[in-house]
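Here is the structure we will look at.
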Amino acid sequence: MVTDTDLAAAREEARRRDEADSLAALRERFHVPDGALYLDGNSLGPLSADAERTLTRVVEEWRERGIRGWTDADPPWFGYAEHLGERLAPLVGADPEEVVGANSTTVNIHTLVGTFYDECEGTPSILVDDLDFPTDHYAIRAQLRHRGLDPDDHLVVVESRDGRTIAEADIERALDEHDVGLVFLPSVLYRSGQLLDLPRITRAAHEHGSLFGFDLAHSVGVVPHDLSAYGVDFAVWCSYKYLNAGPGAVAGLYVNREHFGTTPALAGWWGHEKETQFDMAMTYTPAHGAGAWQTGTVPMLSAAPLEGALDVLEDAGIEAVREKSVALTDFLVDLVDEHLPECDVGTPRDPARRGGHVAVEHPDAARVSRALKARNVVVDFRRPNVVRVCPAPLYVGYEECVEFVAHLRAVLDDREYERVDARDGRVT
């Protein structure tokens, strides 16, 4: 049994690092749930005072201005999605016109995959991997069915060798062996936290004449990207994880400027060019830039918190966020190795191949995660054996990594996970 004394040196080191942390003060801007050890920001980031402020401002604008908010608010609601795109662009390495805050992640997958598949000659395959988040496959299969194609015949699925990671060499091999017109992959695998080599994969796809898109849901806001420099054709992401914009927050999308003028697969009035939008023409004229891929009116009450949340990220700087994230996950991996021999780390050891969370593996991970939640340690479980732990750098410090290990050590030593009530998660 590992005792608190065994973690004393780790606690001392954690406190030293927290005292030297230039981002530590940012935690005061977040409403972390009382009494919780909150390590689930890779699923839902907590509310910040900044996000609350901009949401409150928009509610007040609605109250005071009504419909005039579209033109008289600050900034006007009419161009709010583009305003958010300008704020988001530096996080993904893009020009402001290449980014817009719009739709949901799944809608963005539908419209962008549909758009770029239609740009392919003939009926080639779409390349994905077997560790994707399910919604990516749901949307892609639906797009193929919509075109009268059998997804089983037109999906090339790159399989993992170890159930945790995807090898870029296997992606390249699949491109050699199949007629692939479009590649769509995650930047970070949602279970293991593996960070794929975006420039390498993009280059390989283009060398084979394939268009390429990324799902950045598990990296935007914690990993800097340079999409335009990589030559990525398109990308999508959500805003409620590391961007901390709230549940159901407006999503984001990127379209490389080389594709401006392409007609979106899902055309809607809000994607019409702004200058003539109110001419109410029955013929659709797409906006110049990524804004063309908006399908409906910007949802102001789920978009407004993102504006304030981005204030925190801008004050921190994405490079500093990444530096701290790597240091925190390194620290956590070392703690798991030293103090939790029953557990494996399913996340790559190389920081350059790791996103913002750590996959702690245990054969009984489902019950272990429920036992941790009974202790108010907020993590999540992903099948078959992963407890995902996210030391999000804007509001989590090194000492909280030690606290997590101490809690998990106690859960394992006392076999609390064997006494978890499956109905309500309480330990009996």
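The values are calculated or read from the model by the stated rules, or taken from the named source; none is laboratory data. Please read all numbers here as calculations on a predicted model, not as lab measurements. All Cβ positions, even for glycine, are placed from backbone atoms using ideal geometry, and neighbour counts span all protein chains on display.
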Screening Glu342, Glu307, Glu323 for residues that are at pLDDT 95 or above, acidic (Asp, Glu) and under 30 Å from Trp70 (Cα atoms) leaves only Glu307
Could you list, in sequence order, all residues of segment 206-239 that are of a type in the set (Phe, Trp, Tyr) and surrounded by 24 or more Cβ atoms within 10 Å (Cβ to Cβ)? Phe212, Phe214, Phe234, Trp237
Here are some conditions: (1) of a type outside the set (S, T, N, Q); (2) without any contact (Cβ under 8 Å) to a residue 60 or more places away in the chain; (3) crowded, with 18+ Cβ neighbours inside 10 Å; (4) in a loop (DSSP other than H, G, I, E, B). Asp74 meets all but one. Which one does it not meet? (3)
Could you check segment 14-54 and list, in sequence order, the residues that are part of a helix (DSSP H, G or I), charged (D, E, K, R) and free of Cβ contacts under 8 Å to residues at least 12 places away in the same chain? Arg16, Glu19, Glu28
Would you be able to say whether some residue in segment 38-56 is closer than 30 Å to Asp330 by Cβ, among the charged types (D, E, K, R) and surrounded by fewer than 14 Cβ atoms within 10 Å (Cβ to Cβ)? no
Scan segment 246-259 residue by residue and report those that are buried (at least 16 other Cβ atoms within 10 Å of the Cβ) and either at negative phi or of a type in the set (Asp, Glu) (or both). Ala249, Val250, Ala251, Gly252, Leu253, Tyr254, Val255, Asn256, His259
Could you list, in sequence order, all residues of segment 114-155 that are assigned to a loop (DSSP other than H, G, I, E, B) and either over 16 Å from Tyr190 (Cβ atoms) or not assigned by TED's automatic domain parsing to the domain that holds Ala292 (or both)? Glu119, Cys120, Glu121, Gly122, Thr123, Pro124, Arg147, Gly148, Leu149, Asp150
The conditions are (1) surrounded by 17 or more Cβ atoms within 10 Å (Cβ to Cβ); (2) outside any loop (DSSP other than H, G, I, E, B); (3) small (Gly, Ala, Ser), and Ala320 fails exactly one of them. Which is it? (1)
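Here is a yes/no grid of residues against (1) at positive phi; (2) within 19 Å of the chain's Cα centre (by Cα); (3) of a type in the set (A, V, I, L, M, F, W, C):
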| residue | (1), (2), (3) |
| --- | --- |
| Val223 | no, yes, yes |
| Lys241 | no, yes, no |
| Asn244 | yes, yes, no |
| Gly268 | no, no, no |
| Lys274 | no, no, no |
| Asp279 | no, no, no |
| Pro299 | no, no, no |
Looking at segment 102-130, which of the residues that are farther than 14 Å from Phe234 by Cβ and touching a Phe, Trp or Tyr at 6+ places or on another chain (Cβ under 8 Å) is surrounded by the fewest Cβ atoms within 10 Å (Cβ to Cβ)? Thr106
Please specify each residue of segment 362-376 satisfying the condition of being buried (at least 24 other Cβ atoms within 10 Å of the Cβ) and touching an Asp or Glu at 6+ places or on another chain (Cβ under 7 Å). Ser369, Ala371
Among the residues of segment 77-113, write down those that are under 14 Å from Trp293 (Cβ atoms) and not in a helix (DSSP H, G or I). Ala94, Val99, Val100, Gly101, Ala102, Asn103, Ser104
Checking Ala304 against (1) over 25 Å from Pro186 (Cα atoms); (2) surrounded by fewer than 24 Cβ atoms within 10 Å (Cβ to Cβ), which test does it fail? (2)
